[in-house]
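Undergrad: To start, I am sharing the structure in question, which I have written as structure tokens.
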Amino acid sequence: MSLQFQIEKTLGSARAGRLFTPHGEIETPVFMPVGTVASVKGISQDLLEDLGVQILLGNTYHLYLRPGVEVVRELGGLHKFMSWPRAILTDSGGFQVFSLNELRKVNEEGVTFRSHLDGSSHFFSPENSMRVQIGLGADIIMAFDECTEHPASRERSKSSMELTLRWAERSKKYFEQHKNEVPWKSSQLSAVSSQPQQIPHPAFSPVRNDMGFDGACQSLFGIVQGGMDLALRKESAERTVGIGFPGYAIGGLSVGEPRELTREVVESTLQHLPADQPRYLMGVGTPEEIVQYSRLGVDMMDCVLPTRAARHGLLFTSEGKISIKQARYVKDENALDPNCGCRVCRRYSRAYLRHLYAANEVLAQVLNTIHNLSFYLDTMRQVRHSIRLGEESRFPTGL
Ligand SMILES: [Zn+2]
């Protein structure tokens with residue numbers, strides 16, 4: 001068994017638990033920072049460890065284009081390549097193909113698309129996405145899906161959902177046949193014969209416990225689609241569960257629909273997913289939303305928002321959003337967020353952060369990213385704590 005999930009406490013629909021992966025244990029519900037091209041923009045891996053990040057997300061589409069799966073595989077997989085000893089999840093590439101390629105062509109076999117880097121033509125199929133994700137070697141990988149655009153007719157949502165179901169079967173079939181090709185084992189072997197000058201591989205210690213968990217290989221999650229149609233979402237969930245995966249994601253949301261609709265689809269879809277398996281809501285959200293979705297029973301979330309907003313000077317605090325570029329902060333000697341204990345809030349004033357941003361200093365992006373990620377991770381710590389205490393009133397508010 002390569003993944004194990006334990007729910008330790010519930011509060012209403014919310015659950016606090018632990019997810020065991022080959023590269024460590026993850027406390028859930030969890031927010032996963034996005035490391036698009038084997039890097040969380042603006043912050044180094046040692047700082048991410050200090051912040052308590054237990055799992056990162058990597059984007060298959062971007063890594064496939066640059067540096068390429070063969071480079072990462074030959075260097076021992078993504079963990080070793082980026083020197084990240086903890087868990088990693090890769091997406092299937094389906095969403096980026098959808099969002100970055102207006103000229104994509106979808107057929108039964110897969111998707112033909114053009115690289116956003118140089119315009120070259122590429123093809124992704126369920127088998128190809130699995131091959132790339134096995135080569136990258138994340139702990140959790142995702143079935144190849146089609147993200148349905150919004151708005152879409154019921155007919156279009158249905159045919160897209162059916163395609164995603166057929167692709168889920170093909171993803172699982174390929175994965176089952178090739179899952180032993182993950183690069184960890186070869187990286188362990190190469191560590192034995194490594195040259196003295198090589199950088200040591202971050203501690204690789206497959207997690208073992210007394211419940212039959214051996215951390216031997218990757219785990220493949222299925223993805224529920226179905227557009228904004230609740231009946232299609234139900235059907236997609238039930239049939240994806242019928243194919244059988246160790247965890248399930250809700251995809252195809254945050255594609256321009258109103259937030260109330262996102263919430264309605266999530267709440268409804270969750271009812272049709274197994275209660276004892278991890279549930280991953282892809283691509284959300286704001287601090288308020290990650291709290292709200294945890295409350296509904298989501299266990300895993302990811303979003304570029306905290307890191308992307310940081311680079312634009314938009315900071316999340318316990319007192320609401322701050323746009324640090326504003327002139328009102330020129331002489332503000334206060335900490336960015338008086339209730340935040342991160343290394344930025346402990347050390348620097350709003351005035352200094354405002355100056356760095358206005359002067360276009362690289363350090364502005366670094367410090368803003370550290371704070372925003374700290375804020376997200378602290379928010380999730382509070383959520384888990386509230387669930388474990390059984391006190392809903394302690395859920396973070398006033399974000
Ligand atoms: Zn802070």
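Undergrad: Any idea which of (1) among the acidic types (Asp, Glu); (2) away from the ligand (no atom under 14 Å from the Cβ); (3) farther than 28 Å from Ser39 by Cβ is the one Glu319 doesn't satisfy?
TA: (2)
Undergrad: Right, here's the next one. Can you name the helices (runs of 4 or more DSSP H) wholly within region 1-95 that have at least 2 residues being crowded, with 20+ Cβ neighbours inside 10 Å?
TA: Correct list: 60-65, 69-74, 78-81.
Undergrad: OK, next. Among the listed residues Cys340, Cys345, identify the single one that is within 13 Å of the ligand (Cβ to nearest atom), touching an Asp or Glu at 6+ places or on another chain (Cβ under 6 Å) and at pLDDT 95 or above.
TA: Working: Cys340 fails: touching an Asp or Glu at 6+ places or on another chain (Cβ under 6 Å).
Residue meeting the stated conditions: Cys345.
Undergrad: Taking the options Gly313, Gly320, name whichever one is touching a helix residue (DSSP H, G or I) at 6+ places or on another chain (Cβ under 8 Å), among the small types (Gly, Ala, Ser) and more than 20 Å from Asp50 (Cβ to Cβ).
TA: Working: Gly320 fails: touching a helix residue (DSSP H, G or I) at 6+ places or on another chain (Cβ under 8 Å).
Just one listed residue meets the conditions, Gly313.
Undergrad: Quick one: what pairs do we get from region 116-141, first residue farther than 15 Å from Ser2 by Cβ and surrounded by fewer than 24 Cβ atoms within 10 Å (Cβ to Cβ), second among the charged types (D, E, K, R) and at pLDDT below 95, C-beta under 7 Å, 6+ apart or different chains?
TA: Correct list of pairs: Ser120/Arg114; Ser121/Arg114.
Conditions (1) over 30 Å from Lys80 (Cβ atoms); (2) of a type in the set (Gly, Ala, Ser); (3) at pLDDT 95 or above, marked per residue:
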residue	(1), (2), (3)
Ser99	no, yes, no
Arg104	yes, no, no
Ser115	no, yes, no
Asp118	no, no, no
Gly137	no, yes, yes
Met142	no, no, yes
Asp145	no, no, yes
Thr164	yes, no, yes
Ser171	no, yes, yes
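Undergrad: Which ones in region 294-316 are surrounded by fewer than 22 Cβ atoms within 10 Å (Cβ to Cβ), farther than 30 Å from Gly12 by Cβ and within 15 Å of the ligand (Cβ to nearest atom)?
TA: Of everything in region 294-316, those that are surrounded by fewer than 22 Cβ atoms within 10 Å (Cβ to Cβ), farther than 30 Å from Gly12 by Cβ and within 15 Å of the ligand (Cβ to nearest atom) turn out to be Gly313, Leu314.
Undergrad: Out of (1) within 26 Å of Ser44 (Cβ to Cβ); (2) within 12 Å of the ligand (Cβ to nearest atom); (3) free of Cβ contacts under 8 Å to residues at least 24 places away in the same chain; (4) more than 28 Å from the chain's Cα centre (by Cα), the odd one out for Arg350 is which?
TA: Condition not satisfied by Arg350: (3).
Undergrad: What pairs come out if I take residues in region 264-276 that are among the hydroxyl-bearing types (Ser, Thr, Tyr) and pair them with residues that are at pLDDT 95 or above whose C-beta lies under 7 Å away, six or more apart or interchain?
TA: Ser268/Leu230; Ser268/Arg233; Thr269/Val224; Thr269/Arg233; Thr269/Ala237; Thr269/Ile250
Undergrad: What is the one condition in (1) surrounded by 23 or more Cβ atoms within 10 Å (Cβ to Cβ); (2) within 13 Å of the ligand (Cβ to nearest atom) that Leu281 does not satisfy?
TA: (2) is the only condition that Leu281 fails.
Undergrad: Looking for whichever is of a type in the set (Lys, Arg), surrounded by fewer than 18 Cβ atoms within 10 Å (Cβ to Cβ) and without any contact (Cβ under 8 Å) to a residue 12 or more places away in the chain here; the options are Lys179, Lys173. Which one fits?
TA: Selected residue: Lys173, the only one of Lys179, Lys173 that is of a type in the set (Lys, Arg), surrounded by fewer than 18 Cβ atoms within 10 Å (Cβ to Cβ) and without any contact (Cβ under 8 Å) to a residue 12 or more places away in the chain.
Undergrad: Take Phe395 and tell me if it is among the aromatic types (Phe, Trp, Tyr) and away from the ligand (no atom under 16 Å from the Cβ).
TA: Numbers: among the aromatic types (Phe, Trp, Tyr): yes; away from the ligand (no atom under 16 Å from the Cβ): yes.
Judged against the criteria, Phe395 is a match.
Undergrad: Consider Thr397 carefully, then state whether it is of a type in the set (Val, Ile, Thr), part of a helix (DSSP H, G or I) and either modelled with pLDDT of 95 or more or under 25 Å from Gly285 (Cα atoms) (or both).
TA: On the way: of a type in the set (Val, Ile, Thr): yes; part of a helix (DSSP H, G or I): no; either modelled with pLDDT of 95 or more or under 25 Å from Gly285 (Cα atoms) (or both): yes.
So Thr397 fails the test.
Undergrad: Within region 354-392, track down each residue that is without any contact (Cβ under 8 Å) to a residue 24 or more places away in the chain, within 16 Å of the ligand (Cβ to nearest atom) and either assigned to a loop (DSSP other than H, G, I, E, B) or of a type in the set (A, V, I, L, M, F, W, C) (or both).
TA: Hits for region 354-392 are Leu356, Leu363, Leu367.
The values are calculated or read from the model by the stated rules, or taken from the named source; none is laboratory data. Everything numeric here is computed off the predicted structure, so don't read it as measured data. So basically every Cβ, Gly included, is an ideal-geometry build from the backbone, and we count neighbours across all protein chains shown.
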